[in-house]
Amino acid sequence: MSLVALIGFLALTGVAAYTQTLTGFAFGLITMGGVGLTGLLSLPDAALIVSVLTFVNATQMLLKGWRDVAWREFRLVMLTSVPMLFVGYWLLEWLAGTRADLLRFILGLVIIVSSLQLARKPEPLARKSGDGSFLFFGSIAGLMGGLFSTAGPPLVYHLYRQPMPLVTVRETLVTVFALNAVFRTGLVTFSGDLPSWSTLSSLLAIPVVMGATHAARRWPPPLSPATMRRVVFILLFLSGVSLGAPAVIRLLAAA
């Protein structure tokens, strides 16, 4: 990775970590979208780096918040999330080999759908959802986590609808993201698919992520939560369209 590319990646992860700390989501989406648009890294390599950085961000947030985790719902989510993470990772390896444009289209579509979903304010439920719903959304989160290290959106929407304290929702989500990141990183390591040493230089983003997380807690922007969500929605939607549209054009031309 060149010095210019490394600086660009560090700036991208700083913005993503700052945003995730304020909103509870979007780290993987922002980072993967930016990488897909700029080509700073290959998508499989970027997904690995995002997993490591997600774990760093989540660990910082959990140092004081682990007591607020809804452990029962967490176990239900992880029961299906982990197996589907393996499926998602296999799909990524298959698509990355010979179907790069299809992979970019899928990532762009995921970002667009996620942005539209996250732009809506979830309507709270009167009663907590059944166990089956946590198992279902856990499986979707695992599939997306295996593909792009972006396990958040469906699970975020589902948990924010539950009649639980917001701090419980946030810390439960962060714990899911952290454990998924551990499993995904371990899977890449045991598969022997580690990137080159030059690519691993992007792990210099770890102190950037830590600093951005601290900054977001200490110096949040003078924006309401609703305004912050709209800003994130616009950024994600535009990046998804910019990433997916050229891939669709090339796929149609090839057909």
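The values are calculated or read from the model by the stated rules, or taken from the named source; none is laboratory data. Since we're looking at a predicted model, the values are computed, not measured. Neighbour counts run over all protein chains shown; Cβ positions are idealised from the backbone, glycine included. Ligands, DNA and RNA are excluded from the accessible area calculation, which covers all protein heavy atoms including side chains. Shrake-Rupley method; radii C 1.70, N 1.55, O 1.52, S 1.80 Å.
Just a few scattered comments:
- Sole residue being touching a residue at least 40 places away in the same chain (Cβ under 8 Å), open to solvent by 70 Å² or more (accessible area, probe 1.4 Å) and within 20 Å of the chain's Cα centre (by Cα), chosen from 184, 170: 170
- Taking first residues from the range 3-16 that are loosely packed, with under 13 Cβ neighbours inside 10 Å and partners that are polar (S, T, N, Q) and not in a helix (DSSP H, G or I), no Cβ contact under 8 Å between residues at least 6 apart in sequence or on separate chains turns up.
- Boolean, residue 41 is of a type in the set (A, V, I, L, M) and assigned to a helix (DSSP H, G or I): no
- Output for the range 31-72, where each listed residue is within 15 Å of the chain's Cα centre (by Cα), of a type outside the set (Gly, Ala, Ser) and open to solvent by less than 30 Å² (accessible area, probe 1.4 Å): 31, 32, 35, 43, 48, 49, 50, 53, 54, 56, 57
- Here residue 200 does not fit the description of being in a loop (DSSP other than H, G, I, E, B) and at pLDDT below 90.
- Only one of the listed residues (14, 39, 33) is in contact with a Gly (Cβ under 7 Å, 6 or more places away or on another chain) and closer than 26 Å to residue 187 by Cα. That residue is 33.
- Residue 179 vs. criteria under 21 Å from residue 29 (Cα atoms), open to solvent by 10 Å² or more (accessible area, probe 1.4 Å) and assigned to a helix (DSSP H, G or I): yes
- Looking at 129, 133, just one residue is without any contact (Cβ under 8 Å) to a residue 40 or more places away in the chain, open to solvent by 20 Å² or more (accessible area, probe 1.4 Å) and not in a helix (DSSP H, G or I), and that residue is 129.
- Hits in the range 108-117 (condition: at pLDDT below 85 and open to solvent by less than 10 Å² (accessible area, probe 1.4 Å)): 111, 114, 115
- Some residue of the range 95-106 being of a type outside the set (Asp, Glu), surrounded by fewer than 16 Cβ atoms within 10 Å (Cβ to Cβ) and not in a helix (DSSP H, G or I): yes
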